[in-house]
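Comments concern the structure below.
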Amino acid sequence: MSIIIVHGGIETGTEAPFLEVLREAALSGYRSLARGHLDAAEEAVKILEKCPLFNAGYGSVLNLEGEVEMDASIMDGYSGRFGAVAAIDNVAHPVTIARLVLEETSHVLLAGRGATSFARVKGFPMVNCIAPTMLKAWQKVRDAMGKGAGTGASPFTGLPAQAIDACDTVGCVVSHRGMLAAASSTGGSFLKMPGRVGDTPLPGGGIFASRRCAVVCTGLGEAFVETLTAKYVESLVADGLHPQEAAEKAIIRLTLEKRAAGGMVVVDHQNRYGVAYNSTTFPVALVHDGKIQDNFTPKKMPRYNTCG
Ligand code: GLY
């Protein structure tokens, strides 16, 4: 029995093109299970990093300086090993570099220039991750701000909330033969300060996996870090709560404590799962024993409007 859940980030489109890529990612992850649960999680996230519809890899949002800086991580619930990169630039697949940090270094997190140099040493070429759509969105908002207007844009998309094309973190959780994995990747928040790091590469904040539970989060990174939401969810599930109840409890807590927008996908060692969010949209794909579950709907909690 195996389950793979992938998400495309809050405030991301739920139209066919988005869902098709998410399904492709989940199925591709499933096919990679033969190589292992970490391979499945990495493969699913790589598909999303490659697609400019999502805020990860190519198509990431731009920071204040008009640059892309990305965070990514992967965690093996079975071994408890974690690897991550933060503020890395010009690499096609930050999640793969995070996995190399896990497997080939004695560290858990490489940041900035060190992370990018590590990728080059490992043979990954320089790749421009700025998609034309995101450059245009950045230029438009910078022009508006120059005239004294607010951004009017989602911090997760860089786009007007009603014209959603791309969005926040992407992530994947895997349960395969009692072994759990989580992987996540993001361009972070739109117009962030250079060097800003969110929850995605911080274990316990935006990602966690143990022998009981794997969880990945999306949304306002600072809020997830300050509340250690991923670890909170894992602890609830380890204490016996159903992953769906744990996800809903965590989203309510995030709303009450931080008034922050977010979503999460959770799976446990018994192949039970939970998905909840409190924003406008949260596209998700779920594969159970090789089949896409079309009748699956993430639980929408009371809405929190993030438009700036
Ligand atoms: N959740 C992604 C970030 O805040 O960076």
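The values are calculated or read from the model by the stated rules, or taken from the named source; none is laboratory data. Since we're looking at a predicted model, the values are computed, not measured. Every residue, glycine among them, receives a Cβ derived from its backbone with ideal geometry; neighbour counts consider all protein chains shown. Please note that ligands, DNA and RNA were not included when accessible areas were found on the heavy atoms of the full protein model with its side chains. Shrake-Rupley method; radii C 1.70, N 1.55, O 1.52, S 1.80 Å.
Brief remarks follow.
- Region 72-152: radius of gyration and largest Cα-Cα distance (Dmax), Å: 16.8, 53
- Dimensions of the chain based on its C-alpha atoms, expressed as ranges along the principal axes with the largest first, amount to 55, 46, 35 Å.
- Here region 265-292 is scanned for amide nitrogen atoms under 18 Å from the site 7 Å beyond the Cα of Arg303 along Cα-to-Cβ, giving 276-283.
- Cα-centre dipole for region 233-308 with unit charges at Cβ (Lys and Arg positive, Asp and Glu negative), debye to 20: 360
- Extending 7 Å from the Cα toward the beta-carbon at both Leu135 and Glu20 defines two label points whose distance is 2.6 nm.
- Ratio Rg/Rh [Cα only; Rh per Kirkwood] for region 16-105: 1.00
- For the residue pairs Lys136/Lys192; Lys46/Lys140; Lys136/Lys300; Lys231/Lys258; Lys231/Lys300; Lys249/Lys300, alpha carbon separations beyond 24 Å are given by Lys46/Lys140; Lys136/Lys300.
- In region 186-308, the portion of solvent-accessible area held by carbon and sulfur atoms comes to 51 percent [1.4 Å probe, whole percent, DNA, RNA and ligands not counted].
- Sulfur and carbon atoms: percent of accessible area, region 6-140 [1.4 Å]: 57
- Solvent-accessible area per residue, Å², over the chain with all protein chains present [probe radius 1.4 Å]: 39
- Gyration tensor verdict on region 203-253 (Cα atoms; rounded if a/c is under 1.5, prolate if a/b is larger than b/c, oblate otherwise): oblate
- Here the label points at Glu67 and Leu256, each 7 Å from Cα along the C-beta direction, are separated by 4.1 nm in the simple model.
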